[in-house]
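Take a look at the structure below.
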Amino acid sequence: MSVRHFITTQDFSRAELDALLDQAAAFKREKFGSQLAGKSIALLFFNPSMRTRTSFELGTYQLGGHAIVLAPGKDAWPIEFELGAVMDGEAEEHVAEVARVLSRYVDLIGVRAFPKFRDWSEDRKDTVIRAFARYATVPVINMETITHPCQELAHVMALREHLGELRGRKYVLTWTYHPKPLNTAVANSALLIATRYGMDVTLLCPTPEYLLDEGYMQAARKNAQQNGGSLSVSHDIEDAYRGAHVVYAKSWGALPYFGRWEAEKPIREAHRHFIIDEQKMALTDDAVFSHCLPLRRNVKATDAVMDSPRCIAIDEAENRLHVQKAIMTALVTQGEN
Ligand code: CP
């Protein structure tokens, strides 16, 4: 039997996602359990983390399991991903060996691997996690690559806790300024999960150059059709915020400028006013505000917005712990029912 991975929420039905959220709510009420007793997970971080590393390590411990954190290229050998590569460069071993060896040791493999930010046509293939999924014989969990499905579940869990039923709610995913061009992963994920839960989603971004990859735009449109919501694009801040129930913020680099970031920088700099502030939030229908974190205060969102009772970013971050425990439990028990 082939194993099922957790690489994108698109591979899971609404009923399955709801079951994960129900299990996460149960873990929120009762922190400790034995669901991972005798089990282990290797957490491979190709990029830094605070929340993901802490919540996966702690969540595994709280369910009786053991987590091993590895940083390939730092405290573990650098890895090659290209098929047929003549490995006379930095990499000391191939993912074909790494994934299969780890599969003999552990029950789950988590992978965080951001884009290389040179060529989107390459990065959009999600090569690193797809290679782990190809060679591993245990389930692989996406800890953020070009989507961030664990964040999606934590986000929707927090939204349901604060708003109840989400269908028909007006949801704004707003681009916000950051001095560096960042990953589109959380923005892609926000579109996928908000449309999956039937919300009326507006993608607010400075110019058409900041639209997300057409694959995710199309998937979100299809999700909206199937779940009774909608997807629209706006470059008008006031229009997008007016009447919103949810404002979710993220910064990302414009895809047409991948690898030519000096050319993108002036456009990004010209849109610092996309910062989430009290004036914009006042246009909403008492919206909740959230962000995946980390967040640069007074660059992406003001202190007043972050410290407002309508900011649910800390709840969302807490929920990472609960949803990931639900995901790990579901993956290690697959095939048992
Ligand atoms: N939101 C999130 O994934 O946080 P970290 O980058 O700190 O893990």
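The values are calculated or read from the model by the stated rules, or taken from the named source; none is laboratory data. Just so you know, these numbers come straight off a predicted model, no measurement behind them. Neighbour counts are summed over all protein chains in view; Cβ atoms, including those assigned to glycine, are modelled from backbone coordinates with ideal geometry.
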* Asked: Pairs under 7 Å by beta carbon, first residue more than 15 Å from GLN334 (Cβ to Cβ) in region 1-23, partner among the small types (Gly, Ala, Ser), six or more apart or different chains?
  -> GLN10/ALA219
* Structure fact -> Counted residues in region 168-183 being within 15 Å of HIS291 (Cβ to Cβ) and either in contact with a helix residue (DSSP H, G or I) (Cβ under 7 Å, 6 or more places away or on another chain) or aromatic (Phe, Trp, Tyr) (or both) come to 7
* Structure fact -> Counting only residues in region 61-77 that are touching an Asp or Glu at 6+ places or on another chain (Cβ under 9 Å) and in a loop (DSSP other than H, G, I, E, B), the one nearest to the ligand (Cβ to nearest atom) is identified as GLY73
* Within region 119-164, can you find the residues that are within 21 Å of ASP107 (Cβ to Cβ) and assigned to a helix (DSSP H, G or I)? -> VAL128, ILE129, ARG130, ALA131, PHE132, ALA133, ARG134, TYR135, PRO149, CYS150, LEU153
* To do: State all residues of region 284-318 that are away from the ligand (no atom under 16 Å from the Cβ), out of contact with any strand residue (DSSP E or B) (no Cβ under 8 Å at 6 or more places or on another chain) and assigned to a loop (DSSP other than H, G, I, E, B); if no residue qualifies, say none.
  => ASP286, ASN298, VAL299, ASP307, PRO309
* Out of LEU108, LEU17, LEU36, report the one residue that is out of contact with any Ser or Thr (no Cβ under 7 Å at 6 or more places or on another chain) and surrounded by 15 or more Cβ atoms within 10 Å (Cβ to Cβ). => LEU108
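Evaluate region 50-68: report whether one residue or more is among the aromatic types (Phe, Trp, Tyr), touching a residue at least 12 places away in the same chain (Cβ under 8 Å) and buried (at least 18 other Cβ atoms within 10 Å of the Cβ). Before the answer, list the steps.
Step one: filter region 50-68 for residues among the aromatic types (Phe, Trp, Tyr), giving 56, 61.
Those left that are additionally touching a residue at least 12 places away in the same chain (Cβ under 8 Å): 56.
Restricting the remaining residues to those that are buried (at least 18 other Cβ atoms within 10 Å of the Cβ) gives 56.
There is at least one residue in region 50-68 that is among the aromatic types (Phe, Trp, Tyr), touching a residue at least 12 places away in the same chain (Cβ under 8 Å) and buried (at least 18 other Cβ atoms within 10 Å of the Cβ).
Quickly run through region 30-55 and pick out the residues that are of a type in the set (S, T, N, Q) and more than 9 Å from the ligand (Cβ to nearest atom).
SER34, GLN35, SER40
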* In this structure, does LEU58 turn out to be within 16 Å of the ligand (Cβ to nearest atom), in contact with a helix residue (DSSP H, G or I) (Cβ under 6 Å, 6 or more places away or on another chain) and outside any loop (DSSP other than H, G, I, E, B)? -> no
* To do: Mind counting the residues in region 69-83 that are surrounded by 16 or more Cβ atoms within 10 Å (Cβ to Cβ) and of a type in the set (Phe, Trp, Tyr)?
  => 1
* Asked: For VAL86, are the conditions met, namely being surrounded by 14 or more Cβ atoms within 10 Å (Cβ to Cβ) and either part of a helix (DSSP H, G or I) or among the β-branched types (Val, Ile, Thr) (or both)?
  -> no
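For residues in region 83-109 being of a type in the set (Gly, Ala, Ser) and over 30 Å from THR329 (Cα atoms), which is nearest to the chain's Cα centre (by Cα)?
Our first condition is that a residue be of a type in the set (Gly, Ala, Ser); within region 83-109, this holds for 84-85, 89, 91, 96, 99, 103.
Among the residues that remain, those that are also over 30 Å from THR329 (Cα atoms) are: 84-85, 89, 91.
Values: GLY84: 31, ALA85: 30, GLY89: 31, ALA91: 27 Å.
Filtering region 83-109 for residues that are of a type in the set (Gly, Ala, Ser) and over 30 Å from THR329 (Cα atoms), the one nearest to the chain's Cα centre (by Cα) comes out as ALA91.
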* To do: Could you give me the residue pairs with C-beta distances under 7 Å whose first residue belongs to region 140-169 and is under 22 Å from HIS245 (Cα atoms), whose second residue is within 16 Å of the ligand (Cβ to nearest atom) and at pLDDT below 95 wherever it lies, and which are 6+ apart or on separate chains?
  => none
* Structure fact -> Residue pairs within 9 Å by beta carbon, gap of at least six or interchain, first lying in region 199-218 and without any contact (Cβ under 8 Å) to a residue 24 or more places away in the chain, second in a helix (DSSP H, G or I), listed first then second, are none
